[in-house]
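Report on the structure given below.
Derivation of every value follows stated rules applied to the coordinates shown; laboratory data play no part. Keep in mind it's a predicted model, so treat the numbers as computed, not measured. Positions of Cβ are generated from backbone atoms using ideal geometry, with glycine treated the same way; all protein chains shown enter the neighbour counts.
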Amino acid sequence: MKEKALLRSFVVIASIWGLVACGSSDSSNNGGNGENVPDGLPSNIETALSASLSTLTPALKDSISYMYSEERLAYDVYSNVYKMQTSVNQLNNISKNSEIKHIDAVDKLAIKYDLNTTKYPDTTTPYSTDDLLRYGSGAYPVTAIQELYNMLYDKGIQSAQDALEVGCMIEVVDIDDLDIYVAQASVSNAPDVLEVFNYLRDGSYNHYWAFDKGLKNMGISTGCCSVASYGTHNFCHPEYPQK
C-alpha cells in the first residue's frame, strides 16, 4: 500500500516537471531564495506523513484539498512568468527548489487520507492520479484559484517589478490561508497535518522576504509594502519571521 502511494505521488510530481519547463537558471544565481533544501522532503515531514492517521474534520479535509491547488498555483505562476521575466531569478529558484516540494507534501497528505483534490469541496471522492493529470499547468478545478492564477499571470508578465510584486502577493495569500488551516489542524489534534502546514507557511515566509529583497534591490525601498491591497489581503508584513 505504501509503495503504491509513493508511486502515485511520483507520477503526479513528475507530470508537473513535464508540463512546465523551468528554464536554465541555476539556484545559485543572485536574487533567489529556494530555501536551498536537498532533494526530497525534510525528514520531519516524511515522519509526519508516515505517522498514524489523525481524525480529520470535513473542514480540514477541504483545507488540504484547497491547499493542493494553491501550492500548484504558486509553482505554475512562478514557472510560467519566469519564461517572460528571466531576469527575476527568484521565480525560477523558488519554483524549482521549494514549490515542487510543497506540492509533493500536500499531495502525499491527500494520498494518506484518500482525498480527491480535483473535486473540491467534495473531498470524500477517492484520490485519483488520473483526475489530477487532467489539469495542466495553469488549469485548476477550483474557480477561485483559476481566477487568481489568470490575474497573477497577466500581471507578472508585464515587467520584472510586476513579477516580484506577484511573488509578494502569492506568498501573503498562502500565509493568510495557512494561518486558518494551521489553527484548524491544531484544534483538530491532527499533528501530521499541522506539521505539513507549518512547513508550507515557513517556506512562504522565506519566499516573501526573497521577493521583498528583490524589489528593494530595484530601488523600491518599501519592498512588498509597495504592493496595493487586493481584496482582503494586505501585502505589508514586517512582522513575518526572517531567517
Alpha-carbon centroid distance for the pair region 37-103 / region 158-173, whole angstrom: 17 Å
Likely footprinting exposure, Ser229, Ser137, Ser52, Ser65, fewest C-beta neighbours within 10 Å first: Ser52, Ser229, Ser137, Ser65
Likely footprinting exposure, Glu71, Glu46, fewest C-beta neighbours within 10 Å first: Glu46, Glu71
Added length on full extension, which subtracts the Cα-Cα distance from 0.36 nm per residue, Ser52 to Gln146: 30.5 nm
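Stretch Ala59-Met218 to full length: gain in nm at 0.36 nm per residue minus the Cα-Cα span?
Details: separation 159, 0.36 × 159 = 57.24 nm, distance 4.15 nm.
Roughly 53.1 nm would be gained on extension.
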Order of Asp39, Asp114 - criterion: other Cβ atoms within 10 Å of each residue's Cβ, fewest first: Asp39, Asp114
Asn44-Ser229 FRET efficiency (beta carbon distance; Förster radius 35 Å; 0.05 resolution): 0.50
Simple spin-label estimate for Asp122 and Asn189 in nanometres, 7 Å along Cα-Cβ: 3.2 nm
Prolate/oblate/rounded call for region 56-226, Cα gyration tensor, a/c under 1.5 rounded: prolate
